[in-house]
Structure formats: structure tokens, C-alpha cells
Amino acid sequence: MNALARHRYHRAAPVVLVLLLLALVTGIAAAVSTASSADAATTTADDAAEGEKLFAANCASCHGLDATGTDGVAPSLVGVGAAAVDFQVGTGRMPMQASGPQAPAKRTQFSQEEISQLAAFVASLGAGPAIPTAEQVDPELGDAANGMELFRTNCAMCHGSVGGGGALTQGKFAPSLWETTPTHIYEAMLTGPQSMPVFNDANITPEGKRNIIAYIEAQDAGSPGGLRLGAIGPVAEGMWGWLVALGLIIASTVWIGARSS
Amino acid sequence: MGARLDAAAAGTANYVDERTSIGGFVKFFARKLFPDHWSFMLGEIALYSFVVLLLSGVFLTAFFVPSMTIVTYDGPLATMQGVEMSEAFASTLHMSFEVPGGLLMRQIHHWSALLFTAAIVTHMARVFFTGAFRKPRELNWLVGFTLMILSLAAGFSGYSLPDDVLSGNGLRIIEGVFRSIPIVGEYASYWVFGGEFPGEILIPRLFTMHILLVPGLILVLIALHLFLVFLHKHTQYPGGGRTHKNVVGLPLFPVYTAKAGGFFFVVFGIVALVAAVFTINPVWNYGPYDPSPVSAGTQPDWYILFVDGALRLMPGWLFDIIPMEWELWGYTLSLNILIPAVILPGLFFGFVALYPFIEAWATGDRGEKHVLDRPRNAPVRTGIGVATITFYVILVMEGSNDIIANLFHLSLNDLTYFFRIGIFVLPALAFWITRRLCFGLQRKDRELVLHGKETGRIVRHEHGEYQEVHEPLTDDERWILVSYEDIAPLEIEPEFNDRGVRRKGYRWDRFKQQLSRIYFEKRISPVTPEELAEAQHSHH
């Protein structure tokens, strides 16, 4: 007890403590990361089997037990790849809640582990695009100016000039991209979900895709001009001009025009 | 101190007056009477937002470069770094991100442009629904109408100046509209754009139009508009003692000068507030003009939106069998553009401009009108006004069909089909409903005049009868309800005189009579003094 108390006031004690703390933190981090990489390495073996069970319980009623689809109801999933599953299930679009013009994004129904298992199962049915790595979708590594030009030529006609979303035919729509994670944006370009065309690596290179992600993420900073009214263009501006600006001014004419009685 | 100040002020005034004789003018203007009502300030909103436009516009011209020379961007905006763009676009980015206060000034300018056009339309609607366009003010209606058209020209030319993708798409549509005009269209397009679209001289030309030609014309016409208001004297709402031969109101000085002067700062303040809080026309999102991309949500500013809506509404094939684009002798006739973007706006604006004359034919009245109508007392006019607004709003909504479809999860196609039928049905329905409402309100007014206001007080008579006590109207209240004119349909002379010779000008008279019947065949007449006396007699 005395020895410990004495050493607590040793000059080197803070340094030792900081070093110990660092060792603890890095040790835990290393343990966790090796554990997860070990997981990733073993997904295909166990998880495809787990995924098949999940698939039979949640997806097969439409896509069929062998995932070859049902005419007029659901497409075949052979060869769509893990990226398609990670996007569709990860954004809550699948399982679809009701038939309609298009499956809307909603609360995710599965944990990330279950999604990975489903993805592993579907990927085992036939070769398809894989889930992109963290580096492939890192907006920090992208060039937003190049992304702006690519976005304008390839994406803006449906998603709007800054990805605020827009309408398509017959009740279909291109959703807003502001809440979508970089991985899901990348997967959408790669797999072309629902009405969206596929932008394979020959259309837009992986670097180009990352630049687009950088451009979309740059919108998170908001508009330098203030609130952006949904960033859907002059219709919203016109409506605000009438309702807010003219509305406030007409209210003040009534106030000014009122006699003090 | 006070005495010295007074002496100095008097001395200055005297100095100026002795050299300009301005005292007489000041006296005249200061004593000019104006009736009081909040709706008379709508035109003032347009005037003040125009002043704000001039002030902020002068600031913007100090930094804008009206040139289509291509430069490479090198500035603080990361998403534009190294992008090729015209100098016009680059200078717009420069003034937005590098000039202190530049973005706020741009936003003030653009918001006040939206407000300017909106205030003009609101002011026109007030003039229309109250019948303020009647003799002697028909010409001033035309001056105001021209101002409205000029405001659209000012807005559109300014919207196009930054040379961004959004406005470039708008110009491309305008080019298509020019080309749809038979025979001269292509020449007109080449003439305006100085060759093939987009060319290299458009921005400088639009700049001259936007900062010199159009504002100059607007200033001259505003002067004429206000001069005519002074000359005609202001109209007044019906009320005790107000006739077509007098003006009941307060002198311009001091109350109105204070109110109007203060109101300018209210308008400027609200525009500045909105501009400080809300982004408008973020050209940095749209990027420099390039003819290939068109993004979702591509629309013009609200005042041109109705043309976009008409274009979206127009089917390419009528009933899926009659094509709207014809190849005639090697030339293309694009009815699908010509009808919605040239003929329809032409007819629409033509109708608006000529309306005072159309109504004058129907009434056949040649007297001067200085007391305004309450909208209910002109049921057909009010109906026509509401139908016109409905027609316009449908076009605006069709112009925003993608936004509406996306926002409310509707089918874009179904919306367009709905509006294609609605453009014919809904204005007619609006006319009918409005006219019915006006008749209903007029009947209610008659009821009020004849029987007074319900008090909710029930009395029992000696013989057991229960009766609610009605309180008679005051003279002022009654004046407002009965002072409107009871116009009967026109009576015209017969087609043939007693010798069987056909009268010249009969057909024109016959047309006016038919028009008059549409207006006045069915009408609710105001309570006459005899009716009132009889009603009061039967009450007691």
C-alpha cells in the first residue's frame, strides 16, 4: 500500500499512465479490427447458408426459393451481386411493403450482419458487383469539381442539380441523395436499382464515382446563400416570393392602411 | 436656437422658390387628396421593389462582366475549381463569393424581381376586380399592362445573364419558340442570337436590354402611369358621401408622405430579410452553361412559368391521331410549340389588355367612374377575373408538374391529363361558382338593407307571437350596400327602319347587345328607396 502510494507521485507516473492508456486503446482497436476482418474472411462459408435461410423466410415469396424470380412480380437475383442486396435491403427498399410504382426507402428491417449474410447468399448464386470498399467511396479522396461535371451530365436530369430529387413518369421518382450513405450511392450507380440505369465502370470509372460522391457530400455544407428551400429550383422560390415576401408586405399594408381609431 | 433654425429653413426655401417657383407645385402636391385603403398600396409595392431593383442592380453592374469569353475558374468554390465557363458566369461567382456583400446583393436583386412582378400582378387584380379600369382610366390600364409585360422582359433578361445551365435551358426554349413562328421564325432566331444558338453575343445584348433599354422604358412608363393617376385623381371605395364627382380622403402631406416614405423601408427591409435568410437562384449549383445537361426541376422564374406550363400541357398528337407537327413543302410547322408558346400567350395578354374596352361595349356607359365597385356588384366581371386566374394557375401548376408529382407522390402523367381537361373545365366552373357567390352576397346585402341586422334578441308580443328584433342599418352602412349601379342589358334600335331600309352598324350593335346580355341579363338590383320604405312599413 505504501509502496503504491509513493509511486503514484513518481515523476514518470503521468507518462506511464498515458502510455498504458494508449496501449489499452490500440489493443482493443486491434482486437476489434482483427475480429471483423476475420469475420469478413469467413462470410462466404457460413453466412451464405445463414443468408439462404433468411432469404427463404423473407424474400422467396416473391423472388422464389431459388431466387430466379417470378414473372411480373419480382426479377431474378442470379448475378445481381452483393452490391445490389446491400443497397436494396440496406436502404429498406427490400423487402417491399406494398406494390406501387416504385419501392420507397424506409426503415431497414435487418441488421448489418443479416444483410451481409443475405448478400453473401445472393452473391453465391452467380458473379455480380461486390460491395465497394471504404476507400472506394471515401468522399475525402474525390474531386468535387470533376464530380460536379459528371453529376450534371449523368445524374442531374433525374436527381436535380444538387441531388434534391425529382419526378419520373407514372409516379416513379428519383429520390433525394442527401441522406444516402456514400456506399449506397456507389452501389446504386453500380447496380442501377429500379428505374435507375446502370453506370458500370466503363460508363463512369471508379474514380469518377468517387468524385460524384464527393460532389454530393459537398452539399451537406448547405447553401452559402442561406436556407435552400429544398434546392428544387425556381418553383419553390416563386412560391416563397408570393407567400412570404408579398404576404408579409401585404400584411404590413393592412397595418399601415389601418386608421388609428 | 429654434428661431435660428426656422429662419435658416425659411431662407433656404425662399432661395429655391425665388429661382424655381417650386412653391406652387409643392402646395399643389401637398394638398392633393387621396382616399385611404390598404389595397391602394399594392402598386406602391411594385414601385418600391423597382427602386430596390435599381439600387441593388447598380451594385451588381459594378462587378458583372457581360462577356461569353471562355475562362477557367480559379476561386474559392471547390466544386467549380478548374471548370471552363464564360466570363459572365465567372464574374457572377466572383461577386457571390469574393465581393463582400455581393451574394446578399444578388439575392436582394433577385427576390425583389420576384416581388416586383408579383406585386404588379396583385395590383392589376385589385384594379380589375374593383373596376378601376373604367373610363377615364382605360389608357392607364394599358400603360400598366405594358409595364407588366416590360417587367417580364426585365425579369427574363436578368435571369439569363449569369449564363448558367438553368437559364441557358430557358433561352434554348425561347429559341425554339422563335423558330416555331412560320416563315420568319428562323430569321428571327438568327437575328436575336446573332447566328446559331447560343452564339457569342447574346449575353452582351441581354445585358444592354436588361440594364438600359427595359429599365429606361419602365421608368418612363412609371412616370406616365403616376402622372395619369394624378390627372384622373385616385378612385375611392363606395362610402357615405362618395360619388363619381368627388374624392374623399386625406391630403398627401403630411400623413401619406410619412406613410408612403415609411412603407418604402418596410418593403426594402422585408426583401433584405428574405434575401438574407433564403437562397435564390444558386447558379453555383447549376454550373456554367453547356447545351447538353438539363437537370430535374428546370423551370423559369414564376412569371414565365405559365408559358412552360402551356408547353408541357400541349399534346404532341391531338387525341392520338392528329399530329401537331407538320411537314409542308419542306418546312416544319410546329403547332405543338406555336399554339402554347406564341398563340396562347398572345390571346391571353390581348384579352387582358383589351378588357376595359370589352366591358365598355357591354355597359354602353359613357360616364366617368371614380367610385369603385365592390366585386360582388359586378358578378360577371368578378367571374371572368376568377376564371382567368384559374386558367393562369392551372398553367403555372402544369409548369411545376414534376415538383407537384414528386412532392405529393402523384403520377406526372395523370397530373398532365388532369390539367389538359381542367384547363377547359375548371375556368368555366370557377366562373359559374364565382357568379353564384356574387349573387348570393348581393341577396344577403338586400336582406340586410331591407330588414336590418339580426340582434339575437327575441321578444314575445302580447298576442303570443315571438319575433326577433332587427336593428336597422346606419345611413353610412346602407350607402355602401345600395350605391351600386343597376345596369340593364343594352336596348338597340331595330335592324330596319320604318321604310324597310337596313340600318348601318346594326351588326356591331347586335354584338354589343349580346355581350351586354351576358353581363346584365341576370342581375340583382340594389334596394330602391320605395322598397325600403315598404319594408320598414310592413315591419311596424
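Label separation (B:A488 vs B:K453): 3.5 nm, computed from points 7 Å beyond Cα along the C-beta direction.
One compactness figure for region A:43-131 is 0.98, namely its Cα radius of gyration divided by 2.2 N^0.38 Å.
Stretched out straight at 0.36 nm per residue, the stretch from B:L354 to B:L217 would grow longer than its current Cα-Cα span by 47.2 nm.
In this simple spin-label model, placing a label point 7 Å from the Cα along the Cα-to-Cβ direction at both B:F227 and B:T257 gives a separation of 2.3 nm.
Applying 1/(1 + (r/R0)^6) with R0 = 30 Å to the Cβ-Cβ distance of A:E140 and B:V277 gives a FRET efficiency near 0.45. Averaging the Cα positions of each part gives two centres, and for region B:1-18 and region B:98-177 these lie 44 Å apart. Quick one: if the Förster radius is 25 Å, what FRET efficiency do A:N203 and A:T133 give, using the C-beta to C-beta distance and rounding to 0.05? Taking R0 as 25 Å, the efficiency between A:N203 and A:T133 is 0.80. Cα centroids of region B:179-253 and region B:354-403: 20 Å apart.
Among the listed pairs A:K172/A:K209; B:K369/B:K444; A:K106/A:K172; B:K444/B:K522; B:K135/B:K522; B:K369/B:K512, those with a Cα-Cα distance over 22 Å are A:K172/A:K209; B:K369/B:K444; B:K135/B:K522.
Here the contact order of region B:310-402, divided by its residue count and restricted to Cα pairs under 8 Å and six or more residues apart, works out to 28 percent. Taken residue by residue and averaged, Cβ atoms of other chains lying within 10 Å of the Cβ of B:304-312 number 1. Angle of helix B:102-130 to the longest C-alpha principal axis of chain B, folded into 0 to 90 degrees and rounded to 10: 30°. Dividing the helix sum by the residues of the protein assembly as shown, where each DSSP H run of 4 or more adds -39500 (n - 2.57), gives a mean residue ellipticity at 222 nm of -18500 deg cm²/dmol. Fewest neighbouring Cβ atoms within 10 Å first, the residues A:K106, B:K369 line up as A:K106, B:K369. Label positions at A:A56 and B:A62, each projected 7 Å from the Cα along the C-beta direction, are separated by 7.7 nm.
Of the beta bridges in the protein assembly as shown, as assigned by DSSP with both residues counted there, near 90 percent are antiparallel. Since only B:P100, B:S86, B:S112 are under comparison, the one whose Cα sits farthest along the positive direction of the charge dipole of region B:74-155, derived from C-beta charges on Lys, Arg, Asp and Glu, is B:S112. By its C-alpha gyration tensor, with a ≥ b ≥ c as the square roots of the eigenvalues, how is the protein assembly as shown shaped: rounded for a/c under 1.5, else prolate for a/b larger than b/c, else oblate? Verdict is prolate for the protein assembly as shown.
Under 1.5 on a/c is rounded, so check that first for region B:337-400, then, if it is not, pick prolate when a/b is larger than b/c and oblate when it is not; a ≥ b ≥ c are the square roots of the alpha carbon gyration tensor eigenvalues. Oblate, since a/c reaches 1.5 and b/c is not below a/b. The fewest-to-most ranking of B:H110, B:H232, B:H537 by surrounding Cβ atoms within 10 Å reads B:H537, B:H232, B:H110.
The local environment of B:L226, defined by Cβ-Cβ distances under 15 Å, has a net charge of +2 under the rule Lys, Arg +1 and Asp, Glu -1. Region A:176-233 and region A:45-60 have Cα centres separated by 31 Å.
Can you bin chain B into rounded, prolate or oblate? Criterion: square roots of the alpha carbon gyration tensor eigenvalues sorted a ≥ b ≥ c, rounded for a/c under 1.5, prolate for a/b above b/c, oblate for the rest. The shape class here is oblate.
Once the Cα atoms of helix B:214-232 and of chain B are each reduced to a long axis, what angle between those two axes, in degrees from 0 to 90 to the nearest 10, is obtained? It is inclined by approximately 10 degrees.
For chain A, a Gaussian network of Cα nodes joined below 10 Å ranks A:S61, A:S124, A:S223 by mean-square fluctuation, and the top entry is A:S223. Fewest neighbouring Cβ atoms within 10 Å first, the residues B:K444, A:K172 line up as B:K444, A:K172. From the residues B:W317, B:I518, B:N14, which one has its Cα farthest along the dipole of the protein assembly as shown in the positive direction, the dipole being from +1 and -1 charges on Cβ of Lys/Arg and Asp/Glu about the Cα centre? Of the candidates, B:N14 comes out farthest on the positive side.
Dipole of the protein assembly as shown computed with +1 at Lys/Arg Cβ and -1 at Asp/Glu Cβ about the Cα centre; of B:L54, B:A362, A:P224, farthest Cα towards the positive end is B:A362.
Laboratory data are not the source of any read-out in this text; all were calculated from the coordinates shown. Since this is a predicted model, take the numbers as computed values, not measurements. Positions of Cβ are generated from backbone atoms using ideal geometry, with glycine treated the same way; all protein chains shown enter the neighbour counts.
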